[in-house]
Amino acid sequence: IYHSFYKYKSRKKIILSTILLSMILQSIYIIMVYLMGKAIGMNVYLYHYFLFIPIISTVAAIPISISGLGVNENLFVYCFGLVGAQEESALVIAFLARIVLLVWSLPGWYYYMTIGEAKIDEDTMKIEVRTLEDQI
């Protein structure tokens with residue numbers, strides 16, 4: 001991790017553009033979940049989604065269960081229940097959000113399974129490992 005930070009310390013434009021892109025993508029995801037909530041009749045303000053979803057995603061990333069299964073759904077029910085959403089609606093939103101993330105991941109999975117491994121040859125990998133070992 002240290003070497004990664006050291007390597008990019010002089011590339012502030014890359015870091016800032018990456019952070020900006022990440023914020024845009026996270027915002028799109030949150031707005032998508034908000035629209036799903038609206039579609040099923042959940043009357044929760046947009047700012048609650050921007051408050052709760054980052055918290056839920058962060059806590060669900062802690063390796064308590066496999067891929068946050070159960071933790072994510074319980075947090076949706078708990079957090080959105082705090083602002084008056086019905087448990088069933090919050091649970092549906094949690095499942096729909098998980099399904100959408102899985103669908104979004106399919107192109108990357110397909111690329112990795114078909115094209116990604118074929119482009120990495122053993123010699124290139126050995127050179128990269130030696131370079132990293134020299135840096136450490």
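Residues checked against (1) assigned to a helix (DSSP H, G or I); (2) farther than 26 Å from SER27 by Cα; (3) touching a helix residue (DSSP H, G or I) at 6+ places or on another chain (Cβ under 9 Å); (4) of a type in the set (Phe, Trp, Tyr):
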site	(1), (2), (3), (4)
SER67	yes, no, yes, no
VAL77	yes, no, yes, no
PHE80	yes, no, yes, yes
LEU91	yes, no, yes, no
VAL100	yes, no, yes, no
TYR111	yes, no, no, yes
THR114	yes, yes, no, no
VAL129	yes, yes, no, no
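Inclusion of LEU106 among residues that are open to solvent by 70 Å² or more (accessible area, probe 1.4 Å) and either among the basic types (Lys, Arg) or part of a helix (DSSP H, G or I) (or both) is warranted. Listed by position, the helices (runs of 4 or more DSSP H) contained in the stretch 1-63 that have at least 3 residues being modelled with pLDDT of 95 or more are 12-39, 46-60. Residue pairs whose Cβ atoms lie under 8 Å apart, sitting 6 or more positions apart in sequence or on different chains, and linking a residue in the stretch 122-134 that is surrounded by 10 or more Cβ atoms within 10 Å (Cβ to Cβ) to a partner that is not charged (D, E, K, R), are LEU132/HIS3.
Against the list (1) in contact (Cβ under 8 Å) with a residue 40 or more places away in the chain; (2) farther than 30 Å from THR131 by Cα, the condition TYR47 fails is (1).
Answer yes if at least one residue in the stretch 112-121 is surrounded by 12 or more Cβ atoms within 10 Å (Cβ to Cβ), at pLDDT below 90 and either under 30 Å from LYS7 (Cα atoms) or of a type in the set (Val, Ile, Thr) (or both), and no otherwise. So far as the stretch 112-121 goes, yes, one or more of its residues are surrounded by 12 or more Cβ atoms within 10 Å (Cβ to Cβ), at pLDDT below 90 and either under 30 Å from LYS7 (Cα atoms) or of a type in the set (Val, Ile, Thr) (or both). When restricted to residues that are surrounded by 16 or more Cβ atoms within 10 Å (Cβ to Cβ), over 20 Å from LEU102 (Cβ atoms) and among the β-branched types (Val, Ile, Thr), the stretch 33-76 contains 1.
The values are calculated or read from the model by the stated rules, or taken from the named source; none is laboratory data. Every value quoted in this text rests on a predicted model; they were computed, and no experiment measured them. Note: ideal-geometry Cβ built from the backbone for every residue, glycine included; neighbour counts use all protein chains shown. The protein model used for the area step is the full one, side chains on, heavy atoms only, and it has no ligands, DNA or RNA in it. Shrake-Rupley method; radii C 1.70, N 1.55, O 1.52, S 1.80 Å.
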